[in-house]
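Q: This is the structure, below, for whatever I ask next.
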Amino acid sequence: MRSRAPTLVSALLFVLTACSSGGASPTATAAVSAALTIYGAASLKGVLDKVKAAYETASPGTTLTISTDSSATLETQIEQGAPADVFLSADTTNPKKLVDKGLAAGSTVRFAGNKLTIIVPTANPAGIKTPVDLARTGVKVIAAGDAVPITKYATMLVANLARETGHPADFAAKYTANIASKEDNVKAVVAKIELGEGDAGIVYVTDAKASTNVTTVDVPATANVPATYTGVVVKESKNAAAAQAFLTWFAGPDGQAILSTFGFLPPS
């Protein structure tokens, strides 16, 4: 038995030497096998479902938990201590709030762009043919809550349309009067139009593309509004390095390739 002692000692010394000279460290292992929670805008749901599979394949040992809702709702949840690692928003405002409040690790990263369109149920019972019809008496418009990014963009679009030839001067006021409900997020707006519970709604082009139960009404290019999507690593993340690696990947060529298949535009 005594003759095996040197072998055991030598093995122990080898392991200690390897660890001190750049071998696999606990930190490196944790980074590879990180469990990340990604908070994403509702309009990114389809993208993030595909991203989850792609990233977990590209980064063995990493697991992603995806949670989607209105960007404003998610930002509030993070402020209140929700355990998110990365926040992907449909605007620039909500991630910047986290930066300004010292709740982000680093600066925001732009990763996608989008445009707006008008959707109606496939049967289009209200006969919506042009944006002007959104101001017609009796039309039921489905919108989102005031703090939801799509509402900010839609308000800008409506203001632009009011200046277009053929639109009444009180177009914005009549559109607002036609709002029948305000939903929690843009996906809820799409769902109500799909079910025929409203006549029309303003959503992102990507949301219209993802639905087989709505028809789009063209918006003049001169009035359309670009939407800019940005992301940020949450300061309280317990896997900040892995979270940053994910955000870099998502904003890079691999993430862009997935985003483009859903109709998203490159970030501007």
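The values are calculated or read from the model by the stated rules, or taken from the named source; none is laboratory data. If you're wondering where the values come from, they're calculated on a predicted model, not measured in any experiment. A quick note on method: Cβ atoms are made from the backbone with ideal geometry, for glycine too, and the neighbour counts reach across all protein chains shown. Quick note on the areas: whole protein, heavy atoms, side chains included, nothing else; ligands and nucleic acids left out. Shrake-Rupley method; radii C 1.70, N 1.55, O 1.52, S 1.80 Å.
Q: Given the -39500 (n - 2.57) contribution per DSSP H run of 4+ residues, what per-residue ellipticity at 222 nm results for the chain, rounded to the nearest 500 deg cm²/dmol?
A: Values: 11 runs with 111 residues, N = 268.
After summing the helix terms and dividing by residue count, I get -12000 deg cm²/dmol.
Q: Could you tell me the accessible area of V158 in Å² (1.4 Å probe, neighbours in place), rounded to the nearest ten?
A: 10 Å²
Q: Then there is this: Separation between the A169 and D254 pseudo-spin-labels, each 7 Å from Cα along Cα→Cβ, expressed in nm?
A: Here the answer is 5.7 nm between the modelled labels.
Q: What are the ³J(HN,Hα) couplings of the range 115-132, residue after residue, when phi is run through the Karplus curve with 6.51, -1.76, 1.60 and θ = phi - 60°? Round to Hz, x for glycine and proline.
A: Result, ordered by residue: 10, 10, 8, 9, 10, 9, x, 3, 6, 6, x, 7, x, 6, 10, 9, x, 4 Hz.
Q: Largest first, how would E236, E164 line up by accessible area (1.4 Å probe)? Walk me through the numbers before you get to the answer.
A: Numbers: E236 140, E164 50 Å².
Order by accessible area, largest first: E236, E164.
Q: Using only Cα atoms, what is the ratio of the radius of gyration of the range 195-236 to 2.2 N^0.38 Å? Write out the running numbers ahead of the final one.
A: Numbers: Rg = 14.8 Å, N = 42, 2.2 N^0.38 = 9.1 Å.
Ratio of Rg to 2.2 N^0.38 Å for the range 195-236: 1.63.
Q: Something else now. Might you work out the accessible area of Y55 for me, using a 1.4 Å probe with all protein chains in place, and round it to the nearest 10 Å²?
A: My reading of the accessible area for Y55 is about 20 Å².
Q: When the scattering of the range 44-110 is computed by the Debye formula from its Cα atoms alone, each counted once and equally, what is log10 I(q)/I(0) at q = 0.13, 0.20, 0.26 Å⁻¹?
A: -0.40, -0.88, -1.20
Q: Right, here's the next one. So what is log10(I(q)/I(0)) for the range 140-194 at q = 0.27 1/Å, when the Debye sum runs over its Cα atoms only?
A: Values, matching the q order: -1.07.
Q: In addition: Can you work out the Karplus-derived ³J(HN,Hα) for every residue in the range 67-73? Use 6.51 cos²θ - 1.76 cosθ + 1.60 with θ = phi - 60°, whole Hz, and x for glycine or proline.
A: Whole-Hz 3J(HN,Hα) from phi for the range 67-73: 10, 10, 5, 4, 4, 5, 5.
Q: What spacing in nm lies between the two simple spin-label points modelled at K52 and S181, each 7 Å away from Cα in the Cβ direction?
A: It works out to 2.6 nm between the two label points.
Q: Same structure, new question: Stick to the Cα atoms of the chain, pair each with every other, and give me the Kirkwood hydrodynamic radius in Å at one decimal. Spell out each step's value before the answer.
A: Values: mean 1/r = 0.0487 Å⁻¹.
Taking the inverse mean of 1/r over all distinct Cα pairs, the chain comes out at 20.5 Å.
Q: Could you bin all the Cα-Cα distances of the range 89-197 into 5 Å bins starting at 0 and give me the percent of pairs in each, rounded to whole numbers?
A: Binned Cα distances yield the sequence 2, 11, 18, 21, 17, 12, 8, 6, 4, 1.
Q: On full extension of the chain, what length is gained from L195 through E79, given 0.36 nm per residue of separation minus the C-alpha to C-alpha distance?
A: Working: separation 116, 0.36 × 116 = 41.76 nm, distance 3.41 nm.
Here the segment from L195 to E79 would lengthen by 38.3 nm.
Q: Might you work out the accessible area of F250 for me, using a 1.4 Å probe with all protein chains in place, and round it to the nearest 10 Å²?
A: My reading of the accessible area for F250 is about 0 Å².
Q: Among G127, G255, G113, determine the one that fluctuates most according to a GNM of the chain built with springs between C-alpha atoms less than 10 Å apart.
A: G127
Q: Run the simple label-point estimate for T216 and A35 please: 7 Å along Cα→C-beta, distance reported in nm.
A: The answer from the label model is 4.0 nm.
Q: In Å and whole numbers, how far do the C-alpha atoms of the range 140-268 stretch along each principal axis, longest first?
A: In descending order, the Cα extents are 52, 30, 29 Å.
Q: May I ask you to rank S260, S181, S89 by accessible area, largest first, using a 1.4 Å probe over the protein chains only? Walk me through the intermediate numbers first.
A: On the way: S260 65, S181 25, S89 0 Å².
Ranking S260, S181, S89 by accessible area, largest first, yields S260, S181, S89.
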